[in-house]
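In what follows, a structure is listed as structure tokens, so that the remarks can point back to it.
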Amino acid sequence: HLWATTSSWSRVVPPHAHQQQHGSCRHSGNRQLTCNAGHKSVQGTNAGPSNSDVNRRGVLSGLGVVLLLGVAQPQASKAAEMDTVEETAFNAYSEQDFKTASEALTELLSQDSQNPRWYEMRAQVLVDGKNFEGALSDFEDALKLTPPEALTDRARLVAGRALAYEGVSKWQLALDDYTEAVRLAAEGGEKLDPYVVNSIGNCYNSLGLWPEAREKYLLSSELFQQAKGFRGRNGSTTQRLDGAIYSASNGALMLAQMGDEAGALKEAERIARRAPNSVDMRAALAALYWAQGKPEAAESSWEYACNGIMTGCSKYEDPDWLVRVRRWPPLMAERLSQFLQLERNAAVSKKQSVV
């Protein structure tokens, strides 16, 4: 169970307050059918209706028309309206239309301002839309409305706030939040989430604490491989395996930054054999091979990254993206930059000689 990624967008949608009062079942789009039997659970054995039950039914029967006209219809109308707006938010978010999703969630908050779920969902939309300051504010509001005993929910919210802190490059605040999220989750009976552990590694990486970052990356990779019940809708475990490869790749990059480029090369080669279509490791191998005086191997690895894998290598030619988004450490970013510059120079020389 990966608690940090079981957000309001992905978990089973809880019924609205009026549905919790009376009990209901609902199905929204492609999301799972949610059924609720009401707030109060029945205690004891199945002994049939008591006298008080029968009397209560008689009273309710007599008031049925009043309930129908005075309460049920307005509540049903409001619920249907909120369901429609919620569906709009889900559809917009799935299409990465963050503006529409945010507007829909703002409308839901105008009708249900004490529901932390809407704040959390809008915060996640704002993070994806790069409005990190707005996301921080929404995560704060969601935390204020979430009771202290809801440990897993609070852990997820704190982890979400940490991601927003990363977006504004406040690495220490992000690290503190991730650490607190892990503590809360553990108190709530949850296991370590590999996504959060990798994110802790990212914070250490950005703070220049390479050994600490490598330790977390390797732990994250191990946790991804151990994760059970983590499957896509089609039953595959691709996402879990991709996570393991990604974290292991981060660990290899840290090893190079720590001064062991030969060890980093061996790890990168091992990862590339396991995940031959990893552009990240093909690019890393090109940089490492070139630094070790193996130009043919470097060219071959880069050629495969650019032309042998569907996603291509163009992002790795952008030094800002490589350091700021992908989080390559300085040494490896410099190694790749040197390789690419020499490759460009060689291409220019070759073109001039032909002319």
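The values are calculated or read from the model by the stated rules, or taken from the named source; none is laboratory data. Treat the numbers as computed from the prediction; the structure is a model and nothing was measured. Counting neighbours? That spans all protein chains shown, and the Cβs are built from the backbone with ideal geometry, glycine included. SASA here: full protein model, heavy atoms, side chains in, ligands and nucleic acids out. Shrake-Rupley method; radii C 1.70, N 1.55, O 1.52, S 1.80 Å.
Could you tell me whether any residue of region 326-337 is open to solvent by 70 Å² or more (accessible area, probe 1.4 Å), modelled with pLDDT of 95 or more and either within 18 Å of A284 (Cβ to Cβ) or in contact with a helix residue (DSSP H, G or I) (Cβ under 8 Å, 6 or more places away or on another chain) (or both)? Before you say what the answer is, go through the steps one by one.
Start the filter on region 326-337 by keeping residues that are open to solvent by 70 Å² or more (accessible area, probe 1.4 Å), which leaves 330, 334.
When the remaining residues are screened for being modelled with pLDDT of 95 or more, the result is 330, 334.
After this cut, where a residue has to be either within 18 Å of A284 (Cβ to Cβ) or in contact with a helix residue (DSSP H, G or I) (Cβ under 8 Å, 6 or more places away or on another chain) (or both) as well, the list is 330, 334.
Within region 326-337 (the criterion being open to solvent by 70 Å² or more (accessible area, probe 1.4 Å), modelled with pLDDT of 95 or more and either within 18 Å of A284 (Cβ to Cβ) or in contact with a helix residue (DSSP H, G or I) (Cβ under 8 Å, 6 or more places away or on another chain) (or both)), the answer is yes, since at least one residue qualifies.
Take F224 and decide whether it is open to solvent by less than 70 Å² (accessible area, probe 1.4 Å), in contact with a helix residue (DSSP H, G or I) (Cβ under 6 Å, 6 or more places away or on another chain) and over 24 Å from P329 (Cα atoms).
On the way: open to solvent by less than 70 Å² (accessible area, probe 1.4 Å): yes; in contact with a helix residue (DSSP H, G or I) (Cβ under 6 Å, 6 or more places away or on another chain): yes; over 24 Å from P329 (Cα atoms): no.
Here the answer is no, as F224 does not meet what is asked.
Of all the listed residues (G134, G160, G129, G188), the sole one being more than 16 Å from the chain's Cα centre (by Cα), under 27 Å from E95 (Cα atoms) and open to solvent by 10 Å² or more (accessible area, probe 1.4 Å) is G134.
Among the residues of region 140-150, those identified as farther than 23 Å from Q96 by Cα and either touching a strand residue (DSSP E or B) at 6+ places or on another chain (Cβ under 6 Å) or part of a helix (DSSP H, G or I) (or both) are E140, D141, L143, K144, L145. Is it fair to say R273 is surrounded by fewer than 18 Cβ atoms within 10 Å (Cβ to Cβ), assigned to a loop (DSSP other than H, G, I, E, B) and at pLDDT 95 or above? No.
Report whether or not A286 is touching a Ser or Thr at 6+ places or on another chain (Cβ under 7 Å), among the hydrophobic types (A, V, I, L, M, F, W, C) and modelled with pLDDT of 95 or more. Judged against the criteria, A286 is a match.
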